[in-house]
Amino acid sequence: MGQAVRIPTNERQRLLAVRSLNSIGSAPTPELATLAELAKGIFDVSYAAINIIDEDWQRIAGQAGLRIGECSREMSICTRVVFADELLIVPDLAEDRELKTRPYVVGSPHFRFYAGTPVYLENLPVGSFCILDVRPRHLSDGQAQNLRRFAAVASALLSLQKANLVMGLAHNQLQNAAITDPLTGLFNRSALSSIVDGALHNAIAAGQTFGALYLDMDGFKAINDELGHHAGDEVLYEAANRIRSVIRAGDIAIRMGGDEFAVFIPNPPNAPALAAVSQRLVAAFREPFQVDGKAVLARISIGGALAPLNGQRRAELLNSCDKALCSAKRDGRDRFVILDA
């Protein structure tokens, strides 16, 4: 079981910078891969990489040596670098209290050494330039300084790529990108303040209702653990499509993070109307997901609430949804609960 992820105090701003690198996606870029190859040779290590730490995953922007797959953020050593915002050297991973039990230490490729230093975009640590080896070792002060220089070059390349992206986007496209989840195409949490709060305020001011549903996928962690994050990403992408197939064009769907979603429904007539939408959503998720030819189950539990009855501010409304969601989970999951008071 992974350790709890340590979140930087500037996480919101940091994630906005990460999302501006959407064009990198999960695929290594040629320039960064070449830089990693050079570092591998200079430091004489088994592996070198430039990793980007997003909300949930460690994404590989460039790597050299062993072919390493992406991993969850909680399993990543580079997330420590991002949190501390400084150079991290672990001479022997087998002697580190937390890291000695990680799969890549006790199992293939049996890493023993790690060193990583922050990679920046807009002066925010978005990832790490790291080197790993299958034998314990130390870095001299000169080698540590050289690793920082490699990270500086990687940061410059990321800035250049960001500049090219910005030049290719119209202003409104860039604004939309900042509030859009790149995997699902739904809004991200930034839309809570930029879109939802205004819609909720306008509804209350006009004497209208405003509905909210909080969706939590059942059994999603097992999919990631058993089939890998690629399978999990496919399920999340299809989950977003199923949500779109049920809600109206004017409803607001948001990926809240991980396998959690929210749907905001302007001016529903009453709580039973929220129940009707919830029933269709639950039914849509009872159909198996097809991933690499395999049928995978990932159903949902839903908690719903109605403003102004269950809260006139977003935080109050979502807190009511969370209470309803907890009830749905206690009652066996794969169901919904809508607060009526």
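Going through the range 98-133 one residue at a time, which ones are of a type in the set (Phe, Trp, Tyr) and either exposed (fewer than 15 other Cβ atoms within 10 Å of the Cβ) or closer than 21 Å to GLY41 by Cβ (or both)?
Residues of the range 98-133 of a type in the set (Phe, Trp, Tyr): 104, 111, 113-114, 120, 129.
Across the range 98-133, the qualifying residues are PHE111, PHE113, TYR114, PHE129.
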Legend entry - Whichever residue in the range 296-326 is more than 23 Å from the chain's Cα centre (by Cα) and of a type in the set (D, E, K, R) and, among such residues, is nearest to PHE220 (Cα to Cα): LYS323
Inset, instruction - Within the range 257-303, count every residue that is within 16 Å of LEU186 (Cβ to Cβ) and touching a Lys or Arg at 6+ places or on another chain (Cβ under 6 Å). - result: 3
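Out of all the residues in the range 195-211, is one or more part of a helix (DSSP H, G or I) and in contact with a Ser or Thr (Cβ under 6 Å, 6 or more places away or on another chain)?
No, there is no match, as no residue in the range 195-211 is part of a helix (DSSP H, G or I) and in contact with a Ser or Thr (Cβ under 6 Å, 6 or more places away or on another chain).
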Legend entry - Spans of helices (runs of 4 or more DSSP H) in the range 1-97 with at least 3 residues within 21 Å of LEU183 (Cβ to Cβ) and either modelled with pLDDT of 90 or more or open to solvent by 30 Å² or more (accessible area, probe 1.4 Å) (or both): 11-19, 78-84
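Looking at the range 285-315 only, could you name the residues that are exposed (fewer than 14 other Cβ atoms within 10 Å of the Cβ) and in a helix (DSSP H, G or I)?
In the first step, residues of the range 285-315 are kept if they are exposed (fewer than 14 other Cβ atoms within 10 Å of the Cβ); the result is 286-288, 290, 292-295, 315.
If the condition is that a residue be exposed (fewer than 14 other Cβ atoms within 10 Å of the Cβ) and in a helix (DSSP H, G or I), then ALA315 is the only one that fits.
Scan the range 322-341 residue by residue and report those that are in a loop (DSSP other than H, G, I, E, B) and more than 26 Å from GLY207 (Cβ to Cβ).
Passing the criteria: ASP331, GLY332, ARG333, ASP334, ARG335.
Tell me, which residue of the range 136-145 that is touching a residue at least 40 places away in the same chain (Cβ under 8 Å) and open to solvent by 60 Å² or more (accessible area, probe 1.4 Å) is nearest to PHE111 (Cα to Cα)?
Quick first cut of the range 136-145, residues touching a residue at least 40 places away in the same chain (Cβ under 8 Å) only: 136-139, 143-144.
Restricting the remaining residues to those that are open to solvent by 60 Å² or more (accessible area, probe 1.4 Å) gives 136, 138.
On the way: PRO136: 8, HIS138: 14 Å.
Checked the range 136-145; the qualifying residue nearest to PHE111 (Cα to Cα) is PRO136.
Return the only residue of GLY250, GLY228, GLY198 being at positive phi, among the small types (Gly, Ala, Ser) and open to solvent by 20 Å² or more (accessible area, probe 1.4 Å). Explain how you work it out, then say what you get.
Values: GLY250 fails: at positive phi; GLY198 fails: at positive phi.
The unique qualifying residue is GLY228.
Identify all residues within the range 151-169 that are modelled with pLDDT under 75 and outside any loop (DSSP other than H, G, I, E, B); write none if there are none.
Filtering the range 151-169 for residues modelled with pLDDT under 75 gives 164-169.
Once the filter is applied, which keeps residues that are modelled with pLDDT under 75 and outside any loop (DSSP other than H, G, I, E, B), the range 151-169 yields ASN164, LEU165, VAL166, MET167.
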Inset, instruction - Test each condition in (1) open to solvent by 10 Å² or more (accessible area, probe 1.4 Å); (2) assigned to a strand (DSSP E or B) for ASN319 and report the one that comes out false. - result: (2)
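When the residues of the range 182-216 are narrowed to those that are among the hydroxyl-bearing types (Ser, Thr, Tyr) and within 25 Å of the chain's Cα centre (by Cα), which ends up nearest to ASP233 (Cα to Cα)?
Taking the range 182-216 first, the residues among the hydroxyl-bearing types (Ser, Thr, Tyr) are 184, 190, 193-194, 209, 214.
Filter again for within 25 Å of the chain's Cα centre (by Cα), leaving 184, 190, 193-194, 214.
Details: THR184: 9, SER190: 20, SER193: 26, SER194: 26, TYR214: 20 Å.
So the residue we want is THR184.
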Inset, instruction - Please enumerate the residues belonging to the range 257-273 that are open to solvent by less than 10 Å² (accessible area, probe 1.4 Å) and under 24 Å from the mean Cα position of the chain (by Cα). - result: PHE261, ALA262, VAL263, PHE264
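The values are calculated or read from the model by the stated rules, or taken from the named source; none is laboratory data. As the structure is a prediction and not an experimental result, all values here were calculated from the model. All Cβ positions, glycine included, derive from the backbone under ideal geometry; neighbour counts span all protein chains shown. When the accessible area is computed, the model is the full protein with side chains, heavy atoms only, and any ligands, DNA or RNA have been set aside. Shrake-Rupley method; radii C 1.70, N 1.55, O 1.52, S 1.80 Å.
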